[in-house]
Each structure stands twice: as C-alpha cells, then as structure tokens.
1. From (1) part of a loop (DSSP other than H, G, I, E, B); (2) touching a helix residue (DSSP H, G or I) at 6+ places or on another chain (Cβ under 9 Å), pick out the condition that doesn't hold for residue 247.
2. Can you confirm whether region 194-208 contains a residue that is under 26 Å from residue 270 (Cβ atoms) and free of Cβ contacts under 8 Å to residues at least 24 places away in the same chain?
3. Taking region 270-297 only, how many residues are outside any strand (DSSP E or B) and more than 20 Å from residue 336 (Cβ to Cβ)?
4. How many of the residues in region 187-202 are surrounded by fewer than 24 Cβ atoms within 10 Å (Cβ to Cβ) and within 20 Å of residue 316 (Cβ to Cβ)?
5. I need a count of the residues in region 159-194 that are part of a loop (DSSP other than H, G, I, E, B) and either more than 15 Å from the chain's Cα centre (by Cα) or over 21 Å from residue 214 (Cβ atoms) (or both).
6. Within region 395-408, how many residues are touching a strand residue (DSSP E or B) at 6+ places or on another chain (Cβ under 9 Å) and either loosely packed, with under 10 Cβ neighbours inside 10 Å or closer than 14 Å to residue 243 by Cα (or both)?
7. If a residue must be within 18 Å of residue 150 (Cβ to Cβ), outside any loop (DSSP other than H, G, I, E, B) and touching a residue at least 60 places away in the same chain (Cβ under 8 Å), how many such residues does region 115-133 contain?
8. Taking region 134-157 only, how many residues are farther than 21 Å from residue 368 by Cβ and either in a strand (DSSP E or B) or more than 14 Å from the chain's Cα centre (by Cα) (or both)?
C-alpha cells in the first residue's frame with residue numbers, strides 16, 4: 001500500500017474539525033471517488049475490493065454535523081455511520097491509497113456542503129404551501145435559499161399524528177442539521193425522543209416549560225427552542241368575542257381533535273368554564289380525520305347549535321378551507337385561532353398570524369445554521385394578538401357587526 005503526503009494549512013485549530021466518517025461502496029476507481037468531492041477528502045483508506053473509507057473536512061458554521069453532499073448518494077451506495085472526532089496534530093495529512101498511483105489534491109474544501117433542514121409537519125404539502133413559503137422567506141433573510149445553498153427534507157404526516165415519530169426518526173437517520181417541528185407538542189416530542197443532539201426549532205400552542213421541553217423561556221437549555229403561542233389561554237377571550245358578535249347564544253359548540261393533546265390538556269375545561277360563566281350550554285364535537293368533519297357539522301345542525309369555537313390544533317389548520325366551507329354551508333357562526341381563516345372567508349379570528357410565525361421559525365432555523373445554539377435562543381411568545389373580521393362572511397350569516405367590534409378589529413376584510 002502506497003503513501004502520499006499532502007501539505008495543508010489545517011491543524012488542530014478549533015475552527016476546523018473533522019466532522020464525518022462514511023463508508024462508500026463503489027465500482028469506481030479511487031481517483032474518481034476523491035475528485036467527486038472536489039478535494040474535500042482528507043483521508044482515504046482502501047478497505048477491500050470496491051470498498052473505501054472516506055473522512056472529509058468542513059469549516060464549522062454550526063454546532064451540528066453537516067450531512068454528506070446530496071449528490072454522494074447518487075453516485076455511491078451510502079451507509080452512514082456515526083462520525084468520530086479525529087486528532088489533527090500536524091500540518092500534514094497522510095493519504096493511504098491502494099497501489100502506487102497518487103493524485104495531487106488540496107485537503108481544504110473548495111465546495112461548501114449544503115446544510116439540510118428537516119421539516120416535520122402533521123399537514124400535507126398543498127395545505128401548507130403558504131406557510132412553507134413564509135418559512136423559506138425567513139431563511140432567505142439569513143442568506144439561505146432552498147435549492148441553492150440549502151436543502152430541505154420535508155416530512156408530511158398527512159393528518160396522522162401517529163406517523164410523526166417514524167418521520168422524525170427518518171430525519172435523524174438522514175443526519176439533518178436542524179429539525180423544524182411545526183405541529184405542536186406531538187411533533188416536538190417525536191423529534192426529541194428520536195435524538196438529543198440535532199437542534200430542534202418548534203411551534204407549540206402549549207407551555208414548553210411545564211411540558212418539560214425547555215428549562216425556561218429565557219434560557220431553554222439543551223437542543224430545543226422555538227415559539228410558544230399558549231393558545232388555550234385565549235379560548236375564553238374568543239368565546240367573549242363570539243358572544244358579542246352573535247346575539248343570544250344559548251348553545252355553543254367546541255370542535256376538537258380527541259387525538260391532539262391540547263384538547264385533553266386544557267381546551268375543553270377552559271371553554272366549559274367560560275361558557276358556564278356566560279350561562280351557555282357547551283356542546284362538544286370531535287373530528288380527527290378528514291372524513292369526519294362532514295358528520296361533525298351535520299350533528300351541530302341537528303343539535304341547533306348557535307355558534308362554534310374551533311379548537312386549536314395543527315390538523316385543523318391543515319383542513320382550514322374545509323372547515324370554513326362547512327361552517328358557511330351550515331350557516332354556523334364560528335371563531336378561529338389564526339388570521340388566515342377569515343382570509344379564507346371565515347367569520348372571525350383572534351390570535352396571531354400563522355404566516356408570520358412560520359417566517360420567524362425560518363429566521364430561527366437560519367440562526368442555528370449560522371452557529372447559534374438553541375440553548376441560547378429564547379423561546380419566543382407573541383407580544384400581541386389581532387382581531388380579524390370578515391364582513392362578507394358576516395353578511396352571508398345575516399349578522400350585523402357591532403360598532404364596538406369594528407373599532408376594536410385590527411383588520412376588517414370586506415370582500
């Protein structure tokens with residue numbers, strides 16, 4: 001076995017680290033394998049016929065390992081194994097190569113490896129398109145553009161919460177640099193249970209401190225941070241606004257997903273207390289699958305419900321157009337969490353903008369890719385909530401919006 005020594009400027013400087021080891025099985029010659037990485041290889045060891053071990057170098061831009069170049073798997077059958085830190089004591093690296101051939105290569109990377117984001121959602125691609133666009137807009141503000149200097153691995157649970165754990169595990173196996181867990185506590189737990197090192201940026205409607213996901217809002221600790229809406233705290237306020245808009249409510253319904261933790265952990269109890277305080281009867285209706293919404297709304301018509309509060313749930317967000325359409329068909333006044341629903345001809349909402357929230361998540365993910373540690377990024381909460389009213393929807397329901405509500409509204413949609 002021959003030996004070839006290549007001088008390089010890299011030594012044990014902490015800003016340079018060997019980050020990955022991987023096994024490649026290939027029928028291509030060793031020289032082709034090296035050149036495919038544009039000089040990124042720093043150690044090559046022939047381990048048998050057609051099998052070689054590569055170590056390659058990158059400049060550290062974040063605290064997490066960088067995945068292998070996307071094109072590697074196209075040229076080779078790739079079997080990743082956990083990376084191992086190697087000592088770099090000298091300004092020379094030794095290349096061990098089979099045979100007597102030698103190729104002059106520079107060890108410093110001439111091509112930056114694209115970071116990879118794992119995007120974990122309960123939704124589906126079509127329903128989430130505007131939010132994905134907002135997420136990418138946030139990344140762009142930090143200099144990351146999908147398809148140019150960034151890759152995103154999307155994982156869609158298509159409304160099935162029980163799929164999130166397997167999807168999160170798949171992202172971990174692919175060694176993504178950071179995971180955006182955007183579907184509440186179920187997606188956060190799935191990402192956290194699958195790993196303890198890859199950074200996670202989340203969206204949740206619950207209290208992440210009480211749920212044990214972070215140490216505190218100011219100093220999350222660990223590898224997790226994100227955005228907390230604490231949506232349940234707004235449920236009673238939504239009922240108050242609905243009662244002001246719809247006169248003489250005697251029976252109000254609450255639509256929840258029984259498979260979503262938020263319904264069990266506080267939503268139902270909060271709305272029940274608020275309804276009782278106003279002398280209203282609460283009717284609970286469940287929907288956990290796409291084909292259950294029709295029967296749920298039909299039951300509300302049979303029960304002669306006067307108005308509807310739509311519970312906070314990422315699955316409901318993914319089915320927002322269906323829910324708004326059914327509320328219109330059954331002439332049922334409904335209040336929602338996100339501002340995007342009145343824009344879809346829903347009647348009224350009180351909360352934050354989901355589009356803005358996804359943009360903010362993109363910014364946080366971009367910061368992590370640039371080297372920020374989740375432990376040092378505070379968990380953010382909204383500083384204000386907006387009331388949005390759709391006058392066209394109100395007119396279709398025969399409702400006259402009180403002047404007090406019009407004055408209080410942050411946004412009024414007229415058509």
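The values are calculated or read from the model by the stated rules, or taken from the named source; none is laboratory data. Worth saying up front: this structure is predicted, and the values here are computed from it rather than measured. With ideal geometry, Cβ positions are generated from the backbone for all residues, glycine too; neighbour counts draw on all protein chains shown.
1. Failed condition: (2).
2. So the first thing to find is which residues in region 194-208 are under 26 Å from residue 270 (Cβ atoms), and the list is 202-208.
Right, trim to free of Cβ contacts under 8 Å to residues at least 24 places away in the same chain and you get 207.
Taking every residue of region 194-208 in turn, at least one turns out to be under 26 Å from residue 270 (Cβ atoms) and free of Cβ contacts under 8 Å to residues at least 24 places away in the same chain.
3. Taking region 270-297 first, the residues outside any strand (DSSP E or B) are 270-280, 287-297.
Checking the rest, the ones that are also more than 20 Å from residue 336 (Cβ to Cβ) come to 273, 276-277, 279, 291, 295.
Summing the residues that are outside any strand (DSSP E or B) and more than 20 Å from residue 336 (Cβ to Cβ) in region 270-297 gives 6.
4. From region 187-202, those surrounded by fewer than 24 Cβ atoms within 10 Å (Cβ to Cβ) are 189, 192-198; that's our starting set.
Adding the requirement that they be within 20 Å of residue 316 (Cβ to Cβ) leaves 189.
Matching residues across region 187-202 total 1.
5. Taking region 159-194 first, the residues part of a loop (DSSP other than H, G, I, E, B) are 159-160, 174-177, 182-183.
Okay, now just the ones that are also either more than 15 Å from the chain's Cα centre (by Cα) or over 21 Å from residue 214 (Cβ atoms) (or both), so 159-160, 174-175.
So the count comes out to 4.
6. Count: 2.
7. Qualifying residue count for the region: 8.
8. Pass one, region 134-157, residues farther than 21 Å from residue 368 by Cβ: 156-157.
Pick out the ones that are also either in a strand (DSSP E or B) or more than 14 Å from the chain's Cα centre (by Cα) (or both) and you get 156.
Total satisfying the criteria: 1.
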